[in-house]
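Colleague: Starting off with a structure, shown below.
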Amino acid sequence: MSVTDLYRRERPGLLRLAVLLVGDAALAEDLVQETYLRAWR
(Lines give C-alpha, C1' and ligand atoms only; values in the text may rest on other atoms or scores of the structure.)
Protein backbone atom coordinates (compact mmCIF):
# COMPACT_ATOMS: atom_id res chain seq x y z
CA MET A 1 0.00 0.00 0.00
CA SER A 2 1.34 3.40 -0.94
CA VAL A 3 1.13 6.58 1.09
CA THR A 4 -1.37 7.85 -1.47
CA ASP A 5 -3.62 4.81 -0.93
CA LEU A 6 -3.36 5.21 2.82
CA TYR A 7 -4.18 8.92 2.58
CA ARG A 8 -7.24 8.28 0.42
CA ARG A 9 -8.50 5.53 2.72
CA GLU A 10 -7.91 7.24 6.07
CA ARG A 11 -8.39 10.90 5.20
CA PRO A 12 -12.17 11.11 5.81
CA GLY A 13 -11.96 9.77 9.38
CA LEU A 14 -8.88 11.79 10.23
CA LEU A 15 -10.45 14.91 8.81
CA ARG A 16 -13.59 14.45 10.93
CA LEU A 17 -11.42 14.00 14.02
CA ALA A 18 -9.30 17.03 13.20
CA VAL A 19 -12.40 19.19 12.69
CA LEU A 20 -13.69 18.10 16.10
CA LEU A 21 -10.35 18.94 17.70
CA VAL A 22 -9.68 22.33 16.09
CA GLY A 23 -13.19 23.45 15.15
CA ASP A 24 -12.22 24.73 11.72
CA ALA A 25 -12.52 22.69 8.50
CA ALA A 26 -9.80 24.53 6.58
CA LEU A 27 -7.31 24.25 9.42
CA ALA A 28 -8.22 20.60 9.90
CA GLU A 29 -7.52 19.88 6.22
CA ASP A 30 -4.14 21.60 6.49
CA LEU A 31 -3.27 19.58 9.60
CA VAL A 32 -4.17 16.26 8.01
CA GLN A 33 -2.20 17.06 4.85
CA GLU A 34 0.83 18.27 6.81
CA THR A 35 0.77 15.15 8.98
CA TYR A 36 0.83 12.87 5.93
CA LEU A 37 3.52 14.95 4.27
CA ARG A 38 5.75 14.67 7.33
CA ALA A 39 5.10 10.93 7.59
CA TRP A 40 6.00 10.49 3.92
CA ARG A 41 9.27 12.37 4.32
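Colleague: For the chain, what is the mean residue ellipticity at 222 nm derived from helices alone (per DSSP H run of n ≥ 4: -39500 (n - 2.57); sum divided by total residues; nearest 500 deg cm²/dmol)?
Modeller: -29500 deg cm²/dmol
Colleague: Compute the helix-to-body angle for 3-22: its Cα long axis versus the longest principal axis of the chain, expressed 0 to 90° and rounded to tens.
Modeller: With both axes taken from Cα atoms, the answer is about 20 degrees.
Colleague: Also, quick follow-up: Rounded to the nearest percent, how much of the accessible area of the chain (1.4 Å probe, protein heavy atoms only) is carbon and sulfur?
Modeller: Percent of accessible area from carbon and sulfur atoms in the chain: 59.
Colleague: Related question: L17 versus T4, label points 7 Å from Cα toward the beta carbon: distance in nm?
Modeller: 2.4 nm
Colleague: With the alpha-carbon atoms as the only input, what is the per residue convex hull volume for the chain in Å³?
Modeller: Taking the convex hull of the Cα positions in the chain, it is 55 Å³ per residue.
Colleague: Counting only heavy atoms of the protein chains, get the accessible area per residue of the chain (1.4 Å probe) and round it to a whole Å² value.
Modeller: 82 Å²
Colleague: Any idea what angle helix 25-40 forms with the longest principal axis of the chain, computed on alpha-carbon atoms, 0 to 90 degrees, nearest 10?
Modeller: Rounded to the nearest ten degrees, it is 30.
The values are calculated or read from the model by the stated rules, or taken from the named source; none is laboratory data. Treat the numbers as computed from the prediction; the structure is a model and nothing was measured. In this analysis, Cβ positions are derived from the backbone assuming ideal geometry, glycine residues included, and neighbour counts consider all displayed protein chains. Note: areas computed on protein heavy atoms with side chains; ligands, DNA, RNA excluded. Shrake-Rupley method; radii C 1.70, N 1.55, O 1.52, S 1.80 Å.
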